[in-house]
1. Filter the stretch 150-170 for residues that are surrounded by fewer than 22 Cβ atoms within 10 Å (Cβ to Cβ) and either under 16 Å from the mean Cα position of the chain (by Cα) or within 12 Å of the ligand (Cβ to nearest atom) (or both) and give the result.
2. So for the stretch 223-231 (the condition being surrounded by fewer than 18 Cβ atoms within 10 Å (Cβ to Cβ) and touching a helix residue (DSSP H, G or I) at 6+ places or on another chain (Cβ under 8 Å)), does at least one residue qualify?
3. State whether one or more residues within the stretch 103-110 are among the hydroxyl-bearing types (Ser, Thr, Tyr), surrounded by 17 or more Cβ atoms within 10 Å (Cβ to Cβ), more than 16 Å from the ligand (Cβ to nearest atom) and not in a strand (DSSP E or B).
4. Filter the stretch 173-189 for residues that are within 18 Å of VAL235 (Cβ to Cβ) and surrounded by fewer than 16 Cβ atoms within 10 Å (Cβ to Cβ); which is nearest to the ligand (Cβ to nearest atom)?
5. Collect the residues in the stretch 262-315 that are in a loop (DSSP other than H, G, I, E, B), in contact (Cβ under 8 Å) with a residue 40 or more places away in the chain and under 20 Å from VAL346 (Cα atoms), keeping them in residue-number order.
6. Name the residue, out of ALA226, ALA232, ALA190, ALA195, that is of a type outside the set (Asp, Glu) and out of contact with any Pro (no Cβ under 9 Å at 6 or more places or on another chain).
7. Residues being in contact (Cβ under 8 Å) with a residue 12 or more places away in the chain, under 26 Å from the mean Cα position of the chain (by Cα) and either assigned to a strand (DSSP E or B) or surrounded by fewer than 19 Cβ atoms within 10 Å (Cβ to Cβ) (or both): count how many of those fall in the stretch 190-222.
8. How many of the residues in the stretch 252-278 are surrounded by 24 or more Cβ atoms within 10 Å (Cβ to Cβ), more than 20 Å from VAL308 (Cα to Cα) and more than 11 Å from the chain's Cα centre (by Cα)?
Amino acid sequence: MSSHSATIPAQPRDAQKGSGGSSAVWKVVVLLLGIAVGVLAITAVVAVQAADEARDEATAGSAAPATATHDHSSHASSANTSAVSLPLQSFAGTTAPNADALAKAHVAYDATLPAVPAGDLVKVHMTLKDMTVEIAPGVKYSTWAFDGHGAPGPILHVRQGQTVQMTLTNGGAIPHSIDFHAARIAPNVAFKDVAPGESFTFRFVANDPGVFMYHCGTKPVLAHIANGMYGALIVDPSTPLPKADHEYVLVASEWYMNGDGIAAPASLDMQKARAMMPDWTTFNGYANQYVTHPLTAKPGETTRFYVVAAGPTLDTNFHVVGTIFDRAWPNADMTHFQQGVQTVAVPAGGGAVFDVKIDGEGLYPFVSHAFAHVDLGQVGLLKVGNPKGTMSH
Ligand SMILES: [Cu+2]
C-alpha cells in the first residue's frame, strides 16, 4: 500500500512539468488518480483483513480436535461450543486388549444398600475430587467425583423423618454444588455453588420416602452430571416395605467420551452429550461389571432393586430377564405397588423399587430393555443359587 501511495502521485507531477498543457486538465487527472489510489488502498486493507480472518478460522479449525482429544486438564473445554457438527465418532465397545482379565480384576461397585444410620441427624460429608476412574475394562475417564469414589457417589440411606446434614467440600478445580431431589428447600440457598477449597453445609428433613437422585447442579448441569457427579439417596418409608432378603442399589448412567480412554483418559465430549450419543451406559459406573461379578440370591429369596436413572439424559427401562416383578413401585411412590409387571421406565432424574422372588436356580440378567443400553454396557446378572454353565446375555 505504501509503495502505491508514493509512486502514483509522482506521475502527474512529471507529466505536468513536461507538457506545459492545461493545468485544469491535469488537476482533474490528479484528482481521478487520487481517487483510484484511495480505492486501491481500501481494497488492499479489506483483502488483508479477509486473509487474517481466514487464517484465524483455519487455525481454530485445526486446533479444535487436538483440544478435544488431548487436553484433559480442562474438562469443560468443549462445553462452550454450542453447535453439534455431525458425524460424531463413537468409541462404543472399544476396550483394552486384555479386557477379560481387567474385567475380572475390577472390584465391582458394592451395590448393597447400606444400613440406616442411628439417630435423628445423619451427617454426610463429601469431599469432591477430580480423579480418573475406569468405566469399562481398560477404559479410563477423567471424572469430577463426589467423595473421591468415582461415579456414582456414595449410596445414602436414611429413614423418613431423619434430618440430613450435608457438607460438601470442594477439592476440585472449579465450582460445584449438590442438589438433593429428596429435599424441599430453596435451591438458590442450599444447592449453591461451592468454590474450590471451600466447604458448605446445609440441612433438610427427609420427609418424603423414595429413591432419589442427587447430583451437582452447577451449570452446565449436563456436563457436571456427565462427568460423574450423581448418586442415590434412599429414604425408607416410616411404614416399612415388605421384607426383602437382598437389597441392591443400581444407578444407571451414560458416558460421552472424546477418546477411547485406553492410551489416555477420556474427557467429556459435550457434543455427544447434547446429541445423546453415549459411548458407554452403565449400572454403578462400570460397563457390565455385574455380568463378571453377579449380584446374588438364593432360590426362593426376594431380591429388591432400588434403581436411579442418573442420565444425564437417558431413561432406563428396567427389566429382569426370566422373571416378572412381584412388586414394582414406579417413581418410588411407596404408597402402593404394581404386581406382575415386566418392564418399568425409570426416567432420567427418577427412581423406582423392584422386587423379584425367584425360585429357580439360574443367571437372571437385569437390563435396561432399551437394548442399545445393553449393547453399551447397562446389564448385569442376578445369580440365583449356584447354576451350572453360563448364558449368552
Ligand atoms: Cu459439579
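Just so you know, all these numbers are worked out from the coordinates, no wet-lab data involved. What you see is a predicted model; the values in this text were computed from it and never measured. Virtual Cβ from ideal backbone geometry, glycine too; neighbours counted across all protein chains shown.
1. GLY150 - this is the single residue of the stretch 150-170 that is surrounded by fewer than 22 Cβ atoms within 10 Å (Cβ to Cβ) and either under 16 Å from the mean Cα position of the chain (by Cα) or within 12 Å of the ligand (Cβ to nearest atom) (or both).
2. Within the stretch 223-231, none of the residues are surrounded by fewer than 18 Cβ atoms within 10 Å (Cβ to Cβ) and touching a helix residue (DSSP H, G or I) at 6+ places or on another chain (Cβ under 8 Å).
3. Checked the stretch 103-110: at least one residue is among the hydroxyl-bearing types (Ser, Thr, Tyr), surrounded by 17 or more Cβ atoms within 10 Å (Cβ to Cβ), more than 16 Å from the ligand (Cβ to nearest atom) and not in a strand (DSSP E or B).
4. ILE185
5. MET277, PRO278, ASN284, GLY285, ALA287, ASN288, PRO312, THR313, LEU314, ASP315
6. ALA190
7. Total satisfying the criteria: 20.
8. 3
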